[in-house]
Structures are given as structure tokens and as C-alpha cells.
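J.: Questions regarding the structure given below will be posed in turn.
The values are calculated or read from the model by the stated rules, or taken from the named source; none is laboratory data. Remember, it's a predicted structure, so these values are computed and weren't measured experimentally. As a convention, Cβ positions derive from the backbone with ideal geometry for all residues, glycine included, and neighbour counts pool all protein chains shown. Calculation scope for accessible area: heavy atoms of the full protein, side chains included, ligands and nucleic acids excluded. Shrake-Rupley method; radii C 1.70, N 1.55, O 1.52, S 1.80 Å.
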Amino acid sequence: MPAPVFGLAPEWLLSQGAPVADALVLSHPEQYERLRIACPEAAPTAVLAGDPCFDRMLAARPYRERFRRALGVRPGQQLVLLNSTWSSESLFGDGGGGGDVVAALLDRVSAEFPVDEYRFAAVLHPNIWHGHGPGQIRAWLDRARRGGLALIDPLKGWRQALLAADAVIGDHGSVTYYAAALGTPVLLGAAPLDALDPDAPISAFMREAPRLDPDASLSAQIDRLIRRHRPLSGPAGFTTSVPGESAVRLRRLFYSMMGAPEPGWPASLKPLPLPDYEAGTATLPFHVLSRVLGPGEVAVSRRAGPRPMAGQDHDGELHVAVHEDTRDVDQLDLADVIFRDGAPDDPRFGSPSVWTAEVLRRHQGCSLAVYVTGPSTCVVRVRGEEPLRVVAAPGADAGDMSGPDPAAYASALYAWLATASPGAATADRRLGQAMAGGLSVRTGTRLHRVRIVPLTPPE
């Protein structure tokens, strides 16, 4: 005997043989056919009224860039969203394979993905939060959050995050299906087909969508997923048969059930609000791979994870950059670069000039102190030098978030100076070259021009 169809079987819809609801709202005629077969007694209550949740997302599509900026996503970064429903076979469960899928993914994120090229966020079903408790969820994901993971509010922010995403790693939950309906590339980290109605559209989607290969490079799979993506027609077609009409249809239904005339103004849905800004500051130590590519040009790749093992294949020089607020406080005395972010007039730090001098006095092994003062500028102090301002050069990167975190610029400056031959004169000369001509900083495939000038006015 087949398993009952979740949400459409008699045990959910009938009480003593009669429908419990006066109206059962469906979003697509396909659902009516399955309802008629699974619970014919409830079929007369069915009303085709669309999907208001999906309609709100469709209406908010023009604001995608705002949602991305709210999540601290910079142009050139890819936002990858991890999504899990609430069963034991979900992505946050064991994925149906007896392992902790999310933990394994997050361990690989820090090792494989440069923070200036990728941003990660997680959307977990409300039942996960309520089942385990918010404190436990945050504790489990604490290290990932210190590595820059955004943990999205399960009720208020998931639609905006979904619209902002470049790719989704998900499972058989509705949020993953919504992602596919929006045309977003989806990689299935868990796909328990046995738990689904084989005739449901989501089952067809689970069979067609690409699967995560746990033994292959995650970064290569994400890059390939985005590059080769071709939207599947099923999710977009089956999510709703009347896109944009749910407000009109639902209001008509509700007023007819009350026996009252509809208001004279148009029916509408509440727009999705703009979430609060989340910078996504990582406080795990960064291991920065840098290469001087030519005169005034430096490539940097920052990862918030363990130091690469000796002999591991990498081309370039490594240095350690650590946020002052790190919980890995032992790393501060090992850091080549120490940084923080904040308002330049924050009285707690005196000023960027005062703070940078204080950091270099306290941590004698540190060569460069960095105070990030805005989305495209920072104040740096090289040991033995006066403070300098590093700022995105006029053009596309100026005054906005078009470049990476300015701390990446500071790491490029450190790498440029570190290539000097022993001797203060040579290092001074290279600093002078950087101030005279600026630097070109490459993160991934993007090249950013920055200027290095004295900090003015004097503090």
C-alpha cells in the first residue's frame, strides 16, 4: 500500500469523514488531480488561488542587488546558499547517507573557497530551529559564522536570501524547489526520493537536478554548476499556474466566504522588506596566498581556514592576517597583518592612527596594522612608518562595494613590501613605488586599482 501523500491524504484533510476546511487553496491544477485521487472527499473544497509566497518573490526580483548588498555580497562574489528542510534525511540531517552533510560541507568551504570571491549563507527550516533550539543551532554553526557564514532568519529573511543567491545547495524542501523555480542553479546535497510522492513534481525535479558528489572538489562543482546552468522547466511551471494573481484570487475567496463585498482598491501583497545590513566579517584567521605578478600588481587569495599543509600545491607566498576580535587569540602574536573594521571616529579606538600604532606596539611580530574605515578604504600603518590611507582608485571601485574587503588591499600591500630584498632602503623604495603608482590587486578574475596616500589631515 503506498504511503500517504503529505498534506493531501485523508488523515490531514478529514475529520469523521468530512473535510476540516471550507476551502483548500492549491497553486496548480496538478495538485487538484493528486488531491482527487488521494482524498476525493476533499476535492470539492479545492480552490486554485496561486502561491502568494512565490508571487512576493517575483515582485521583489528588481531589488536583487539591494538584497545582495544587505548580505554584504560584493560585485564579483558568488553567494552560495545552503538550505535544509527538517527531516532526518535532509541536508541538515544525515542526507539519507548516515553522515553529517552540513558539517562536512562547512569544513570544505573554509578550505576551498576564497572569501573575496564567495559568500555563504544558510537557510534552515523553522522546525530545525525550534526542534534543537536557537542556542544549539548557533553553537553548531559558530565556527562557520566566524568564518563569514550568514545565518538567515528562518521567517523574515529567507526569501530575500534566495533572490540574492547565485547557487543553492539544498534538498527536497520547498525552499530548494523555489530556488529552482526562480531559475537559480541548484545542487542537491540530499535527495531522499523514497520520502516523496513519486507523482509529485518535486520528485521529477529530484531525479533531474544535479547531485553533489561528496568525493569531488566542492568549489569545482559550484563553478561548473553556475557556468553550465540551464533552468529546468518543471519547477517554474508547477510552482504556480497563475503567477502574480494570488492576491486577487485569495481576497476574492476570503470575502466570498464572509459573504461581504470586496474593497474597491486593488488587492496586493506586502512587499518583501529590505533586511538589515550584515557585513559578514570573518574573525577566523586568514591564510593569504599572494603573488607579485608584475610591477605594482599583486594577486591575493584569502581563506578563513587552516594553514595549507607543507607540500600542498600552491603557487605564491603565504602570510597570516587576523581580525583583532578573533577568538583564536594565540594567532595574533603570529599574525603578519592585524586588522579590524569600524567607524573612523569611534572614540573607543582613539582614531585609526592611534589604533594602528597601538597594535604594532602590542604585537611585535606584526608588520602591518589595518583599520577598515569603509567599503572601499582603510588606514594602514607599516612598522616604522607613518599611517597611510589605502583607497579604491577613481572609477568603478570608488565609493562603493565594487572591490573586495579593503583588508585584501592591505594584504596586497604587505605582499608587495615583503618581496623587497633585505634592507630598509629597498623596502622604503618599494613603499615609495606603491605610493607613487598605486597597486593593482587581483582577487580571482577581478582586478582592482588602489591608491596609497598619506593619511590627511594629520591626526
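J.: Consider just the alpha-carbon atoms of region 86-216 and return their Rg together with their Dmax, both in angstrom.
T.: Every Cα atom of region 86-216 included, Rg and Dmax give 14.3, 43 Å.
J.: How big is the shadow of the Cα convex hull of region 153-278, averaged over all directions, in nm²?
T.: For region 153-278, the mean projected area of the Cα convex hull comes to 10.9 nm².
J.: Apply 1/(1 + (r/R0)^6) to the Cβ-Cβ distance of ARG389 and VAL329, taking R0 = 45 Å, and write down the FRET efficiency to the nearest 0.05.
T.: That gives a FRET efficiency of 0.95.
J.: With every protein chain present, what is the per residue accessible area of region 232-273 (1.4 Å probe, Å²)?
T.: Ligands and nucleic acids excluded, the result is 64 Å² per residue.
J.: Turning to a different aspect of this structure: Exactly which chymotrypsin sites (Phe, Trp or Tyr not before Pro) in region 125-181 are in a DSSP loop and have at most 12 other Cβ atoms within 10 Å?
T.: none
J.: Also, I was wondering about something else. With no solvent and one point on each alpha carbon, what is the Debye value of log10 I(q)/I(0) for the chain at q = 0.06, 0.10, 0.12, 0.13 Å⁻¹?
T.: Per q value, in the given order, log10 I(q)/I(0) is -0.34, -0.80, -1.03, -1.16.
J.: Over the heavy atoms of TYR32, what accessible area does a 1.4 Å probe trace out, to the nearest 10 Å²?
T.: TYR32 has an accessible surface of roughly 80 Å² with all protein chains in place.
J.: Hey, another quick one. Whole-Å semi-axes of region 159-232's equivalent ellipsoid, largest first, each the root of 5 times a Cα gyration tensor eigenvalue? Present the calculation step by step, with values, prior to reporting the outcome.
T.: Values: eigenvalues 73, 48, 22 Å².
Gyration-tensor ellipsoid for region 159-232: 19, 15, 10 Å.
J.: If you stretched the chain out fully between GLU358 and VAL20, how much longer would it get, using 0.36 nm times the residue separation minus the C-alpha to C-alpha distance? All intermediate terms of the calculation are to be shown ahead of the outcome.
T.: On the way: separation 338, 0.36 × 338 = 121.68 nm, distance 6.90 nm.
Gain on extension, GLU358 to VAL20, equals 114.8 nm.
J.: Please report the net charge: other residues with Cβ closer than 12 Å to the Cβ of ARG302, K and R +1, D and E -1. Mind showing how you got there, number by number?
T.: Values: positive: ARG303; negative: ASP116, GLU117, ASP405.
Combined, the nearby Lys, Arg, Asp and Glu give -2.
J.: Given a 1.4 Å probe, how much area per residue of region 119-217 is accessible, in Å²?
T.: Heavy-atom SASA per residue in region 119-217 reads 39 Å².
J.: Heavy atoms only, probe 1.4 Å: what % of the accessible area of region 133-234 goes to carbon and sulfur, would you let me know?
T.: Values: 2160 of 4440 Å².
Roughly 49 percent, rounded to a whole number.
J.: Okay, next question. What's the FRET efficiency of MET435 with ILE226 using the Cβ-Cβ distance as r and R₀ = 41 Å, to the nearest 0.05?
T.: 0.60
J.: Taking only the C-alpha atoms, wrap a convex hull around region 1-53 and report its volume per residue in Å³ as a whole number.
T.: Working: hull volume 4.6 nm³, N = 53.
Cα-based convex hull of region 1-53, divided per residue, equals 86 Å³.
J.: Can you give me the three principal axis dimensions of region 1-140 from its C-alpha atoms, in Å, biggest first?
T.: So the extents along the principal axes, rounded to whole Å, are 57, 40, 26.
J.: At 0.36 nm per residue, and after removing the present C-alpha to C-alpha distance, how many nm does the segment from THR456 to ALA279 gain when stretched out fully?
T.: Values: separation 177, 0.36 × 177 = 63.72 nm, distance 2.66 nm.
Computed gain between THR456 and ALA279 is 61.1 nm.
J.: Counting only protein heavy atoms and using a 1.4 Å probe, what share of the accessible area of region 268-399 belongs to carbon plus sulfur, as a whole percent? Walk me through the numbers on the way to the answer.
T.: Numbers: 3410 of 6550 Å².
In region 268-399, the share of accessible area belonging to carbon and sulfur is 52 percent.
J.: With no solvent and one point per C-alpha, what does the Debye sum give as log10 I(q)/I(0) for region 224-304 at q = 0.19 Å⁻¹?
T.: Summing over Cα pairs of region 224-304 leads to -1.04.
J.: Using a Förster distance of 45 angstrom, determine the FRET efficiency expected from the C-beta separation of ALA204 and GLU317, and round it to 0.05.
T.: E(calc), rounded to 0.05, equals 0.35.
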